[in-house]
Amino acid sequence: MGERVVSGESAEMYLKTICELTAIDPLVPISALADRLGISVVSATEMVHRMQGQGLLEHKRYKGVRLTKREGEKPLTSSDVIDCGRGF
């Protein structure tokens, strides 16, 4: 069975939520992401793995997730969170 492509509103909500939670911690625990989205940790973990496979996220095992940066850009900081809702 092939890996599903992540797209649409669901992926957008994950990305936006991770961006918002980055203001609290640069690595967002999957449990915090799941709590904020009102879903199970298992569901959040599955989506994170799919999004990581597409290069949208970095997942550090037992640490958390963060948005990937584009080549040549600086890593996302908490001051960048102000622009989270505008870039998606």
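What is the ratio of the Cα radius of gyration of the stretch 8-65 to 2.2 N^0.38 Å, with N the residue count, to two decimals?
Normalised Rg, Cα atoms only: 0.97.
What net charge do the residues around residue 59 carry, taking every other residue with its C-beta under 14 Å from that of residue 59, with Lys and Arg at +1 and Asp and Glu at -1?
+3
Run the numbers for residue 36 and residue 10: contour at 0.36 nm per residue of separation, minus the present Cα-Cα distance, in nm.
Working: separation 26, 0.36 × 26 = 9.36 nm, distance 1.33 nm.
That works out to 8.0 nm of additional length.
Taken together, the values in this text are just the output of simple stated rules run on the coordinates, not laboratory data. Because the structure is a prediction, the values reported are computed rather than measured. FYI the Cβ positions are ideal-geometry reconstructions off the backbone, even for glycines, and counts take in every protein chain you see.
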